[in-house]
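Worksheet: the structure to be examined is printed underneath.
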2 protein chains.
Amino acid sequence: MSLIPRPGFTGSPLVRTDMERENQPYFDAAVASLSARLLRLDGLKPVLEPDGSLSWGSLAEADSDTDLALLGLIDGKPRFVALDRVDMRQDQRGGTLQGAMAMTEPGAAATYAAARSLVDWHNRHRFCANCGHMTTVRRSGWARFCLRDEGGCGAEHFPRTDPVVIMLAEHDDKVLVGRNVNMPGKTYSALAGFLEVGESIEDAVARELFEEAGVTVTEVRYLTSQPWPMPSQLMIGCIAKVESEAITLDTNELADAIWVDRDQVRAALAGEPEALFNMRYPMAIAYTLLTAWANGA
Amino acid sequence: MSLIPRPGFTGSPLVRTDMERENQPYFDAAVASLSARLLRLDGLKPVLEPDGSLSWGSLAEADSDTDLALLGLIDGKPRFVALDRVDMRQDQRGGTLQGAMAMTEPGAAATYAAARSLVDWHNRHRFCANCGHMTTVRRSGWARFCLRDEGGCGAEHFPRTDPVVIMLAEHDDKVLVGRNVNMPGKTYSALAGFLEVGESIEDAVARELFEEAGVTVTEVRYLTSQPWPMPSQLMIGCIAKVESEAITLDTNELADAIWVDRDQVRAALAGEPEALFNMRYPMAIAYTLLTAWANGA
């Protein structure tokens, strides 16, 4: 058995039909199919059936002037999401994690993650970043084109995914967990930060750990990854050996950071009341990393 | 010694000063510093000194109406790049790899990669994707804001990095290399594709290998990564065990794919004339992956 559990927001049964996205007759046939299903969303939040499964309706439920995106196939049935306008001034994070945690089907959160990120991206990218012109949905809902014959510049735009490194510093059989300035009481997690242009994963891990905790990385090992759909990150989970346990906190980011051993991690993962710290979201890859490390990974 | 050589476009001596990017007095002091240096570019192509080092000038060489980006510090000196308008209709890839390969300083290609990706991003993202309004350079050249007091919507935009999975399928001590429909004669490489929203690295590796070669992945192991600055990819290098060697090619992408053993890979890496295939760019992570695998990784 693997030491690394499957991270949250992975394992979707969705078969992406990305090779057919430019194939308009394929899209039209999928729309016309009697088995076509529409993922129900409330804004960006998931809608669940009473049994905790994702709620799917018929395409007739979509507004007739809304573009549809073909997510792919599940059980051979075309699966769509409506690219509705969402009021992004409202908190669209609220309910997302709670909804995802309440899902009972394997991989449902991953299917929802793809849909949520796609709808969010379309909402915040209706105009061409290159020329400012309004863009048009293309490629079965997976791109926006700035069409020349509508007065645009011809640029093509694709959904964005932002890589984030998230890691445990490791020294002498202990790992470093930090409490963000926004986190309540005893809640600690792995340190994390956005990877920048011109960086490798290894570069970004070393930079972030040095900036946030003042530790010098000697070796990075990758463990696993997950998509994080608020709005669209790729979380890249690593463990990094560091030179020493002496830390210098970036107090703008972190209120505290502590070195913890495997027993302390196991107590936190088990939610024991006397644990030194607690974890917030089992769906977050920080939980996966700590579980894997406690397992000996 | 590590089995995995350092990939191209990594190892920059640049110390990113990202924690000071919102600190305008810090930026102003860096601009005013007598040690400030400007990276010379020709469009997006690198300019090299006769000895193969990066060419740095003084800030006086920048147009007075051009925004500057503070890349960070090298040898304690502030390093800038000018966010010049570049004619993106011309081929800005030509000369990039040749220039990078001619660089003689350790990590110079990585420093250049960060600058190139940043200048490219600003060129193609001058307008707000959310509302179409013109945006303004902020955060020491590392962001564009759609300013409300200039009539915009208030959105903030950050440089984009697109994760790409690139991998060798592995079975029975052989790996799969493919020849893209655009590649000349005997040139083969690892298979690759963009990671999509809602996918983990492991999901994307499995999807791409199934789509391009019809092989079913049973296990993914990450090896290493690199930035690829044309324009701004994060290349995530993996080896994936697959169920069998039976392949079904996606002929839109691949002209051919072959299973090769370690001796055949070593001959290709050594550039032997009788090698079964050859590799195009030692700076590409496909070269790193094949070297690592030949080394036993």
Length-normalised contact order of the stretch A:103-258 in % [C-alpha pairs under 8 Å, at least 6 apart]: 23
Separation between Cα centres of the stretch B:216-268 and the stretch B:88-165, rounded to whole Å: 29
Reach of residue B:77 by Cα under 26 Å, taken over lysines that are not fewer than 8 positions away in the same chain: B:45
Eligible lysines near residue B:186 by straight Cα distance, threshold 22 Å, same-chain separation 8 or greater: B:174
Distant-in-sequence amide H partners of residue B:233 (H built 1.01 Å from N, under 5 Å): B:162, B:228
Rounded to 5, the percent of DSSP beta bridges in chain A classed as antiparallel: 75
Charge-dipole axis of chain B as Lys and Arg at +1 and Asp and Glu at -1 on Cβ define it, positive-most pick from B:188, B:240, B:103: B:103
Pseudo-label separations to other copies for residue A:276 - Cα-to-Cβ vector, 7 Å, nm: 5.2
Estimated [θ] at 222 nm from DSSP helical runs (n ≥ 4, -39500 (n - 2.57)) normalised by residues in chain B, nearest 500: -6500 deg cm²/dmol
Net charge of neighbours whose Cβ lies under 10 Å from the Cβ of residue B:143, counting Lys and Arg as +1 and Asp and Glu as -1: +2
Given charges at beta-carbon only (K, R positive; D, E negative), |dipole| of the stretch A:162-294 in Debye: 500
Point-charge dipole on Cβ atoms (K/R +1, D/E -1) for the protein assembly as shown, about Cα centre, debye to 20: 660
Mean Cα-pair separation over length for the stretch B:1-124, i.e. relative contact order, pairs under 8 Å, 6 or more apart, %: 34
At 7 Å out from Cα toward Cβ: residue A:243 inter-copy label distances (nm, ascending): 5.0
C-alpha long axis of helix A:108-124 to longest principal axis of chain A, angle in °: 70
Label point 7 Å beyond Cα along the C-beta direction, distances from residue A:210 to other copies (nm, shortest first): 4.1
Local electrostatic count, residue A:45, Cβ distance below 13 Å [Lys/Arg +1, Asp/Glu -1]: -2
Among B:296, A:141, B:73 the positive-end extreme of the charge dipole of the protein assembly as shown (Cβ point charges): A:141
Averaged over A:29-35, number of beta-carbon atoms from partner chains that fall within 10 Å: 0
Degrees, to the nearest 10: B:201-213 long Cα axis against longest axis of chain B: 50
Shielding of B:191-197 by partner chains, average beta-carbon count, 10 Å: 6
Student exercise, chain A dipole from Lys, Arg, Asp, Glu Cβ charges, in Debye to nearest 20: 720
Neighbour net charge for residue B:166 - beta-carbon separation under 13 angstrom, K R +1, D E -1: -3
Partner chain coverage, peptide B:220-228 - average Cβ within 10 angstrom: 5
Ranked B:128, A:153, criterion: other C-beta atoms within 10 Å, fewest first: A:153, B:128
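Values quoted throughout were computed directly from the atomic coordinates according to the rules given, and no laboratory measurement underlies them. A quick note: this is a predicted structure, and the numbers were derived from the prediction, not measured. Here the Cβ is made from the backbone with ideal geometry for all residues, glycine too, and neighbour counts use every protein chain on show.
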